[in-house]
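Engineer: For reference, the structure I am asking about is given below.
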Amino acid sequence: MAGRPSFAGSPVARGKRFGIAVSRFHEPLTRRMLRGAVETLARCGVRRRDIRVVWVPGAFELPLAAQRLACLRRGRGRQARRRSDAVICLGMVIRGETPHFDYVAGAAAQGIIQVALGRKIPVIFGVVTAATRRQAAARVSKGRDAALTAVEMVRLKVR
């Protein structure tokens, strides 16, 4: 089986638009994930003006933000800009002493897939689920991974 394609450093996503929904819960970690995603998209040829970032309170709210990003159009008439070609959802859910972790992570995953299937665009699950904050911090590269997945899925869709 072939390995994952590497798009970083090539303009494979030039002209494509990406929405990124980011959870503020555990913001120091999600901010690092966002930085990695934006840098990766830029290395794939995406202009900063073609990346729309929205912040939401937590992972549970990511699906609604993803749905809005999937539909969002800006401007009117000739100034209108098309919707996102893909949406990336970034968040952190760290296990606590209650089952809240399971509910939040499960609801976020289910909502994100519903948006993808309903809107027929790639909506990437870049939500880290971890047992401890240390484990979560070790996985902030998930932002870069999610961006590469989004680029790959956009390329798949246009073929």
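The values are calculated or read from the model by the stated rules, or taken from the named source; none is laboratory data. Everything numeric here is computed off the predicted structure, so don't read it as measured data. In this analysis, Cβ positions are derived from the backbone assuming ideal geometry, glycine residues included, and neighbour counts consider all displayed protein chains.
Engineer: In the set ARG48, ARG81, which member is at pLDDT below 95, among the charged types (D, E, K, R) and surrounded by fewer than 22 Cβ atoms within 10 Å (Cβ to Cβ)?
Structural biologist: The conditions single out ARG81.
Engineer: Kindly indicate whether any position in segment 133-143 is at pLDDT below 95, farther than 12 Å from LEU90 by Cα and touching a strand residue (DSSP E or B) at 6+ places or on another chain (Cβ under 8 Å).
Structural biologist: Checked segment 133-143: at least one residue is at pLDDT below 95, farther than 12 Å from LEU90 by Cα and touching a strand residue (DSSP E or B) at 6+ places or on another chain (Cβ under 8 Å).
Engineer: Sticking with this one: Output the qualifying pairs, or none if there are none: Cβ atoms under 7 angstrom, residues six or more apart or on different chains, first residue in segment 47-66 and under 16 Å from LEU29 (Cβ atoms), second residue among the hydroxyl-bearing types (Ser, Thr, Tyr) and buried (at least 18 other Cβ atoms within 10 Å of the Cβ).
Structural biologist: VAL56/SER23; GLY58/SER23; ALA59/SER23; LEU62/SER23
Engineer: Looking at VAL123, VAL154, VAL140, VAL127, which is the one that is among the β-branched types (Val, Ile, Thr), surrounded by 13 or more Cβ atoms within 10 Å (Cβ to Cβ) and farther than 24 Å from ARG24 by Cα?
Structural biologist: VAL154
Engineer: Next up: Going by the conditions given, is ALA108 surrounded by fewer than 22 Cβ atoms within 10 Å (Cβ to Cβ) and closer than 18 Å to LEU34 by Cβ?
Structural biologist: no
Engineer: In segment 10-45, what residues are of a type in the set (Ser, Thr, Tyr), under 21 Å from ALA108 (Cα atoms) and in a helix (DSSP H, G or I)?
Structural biologist: Answer for segment 10-45, where residues must be of a type in the set (Ser, Thr, Tyr), under 21 Å from ALA108 (Cα atoms) and in a helix (DSSP H, G or I): just THR30.
Engineer: Out of (1) in contact with a helix residue (DSSP H, G or I) (Cβ under 7 Å, 6 or more places away or on another chain); (2) in a loop (DSSP other than H, G, I, E, B), what's the single condition that is false for VAL128?
Structural biologist: Against the list (1) in contact with a helix residue (DSSP H, G or I) (Cβ under 7 Å, 6 or more places away or on another chain); (2) in a loop (DSSP other than H, G, I, E, B), VAL128 comes up short only on (2).
Engineer: Another one. Taking segment 95-121 on its own, how many of its residues are at pLDDT 95 or above and over 17 Å from the mean Cα position of the chain (by Cα)?
Structural biologist: 0
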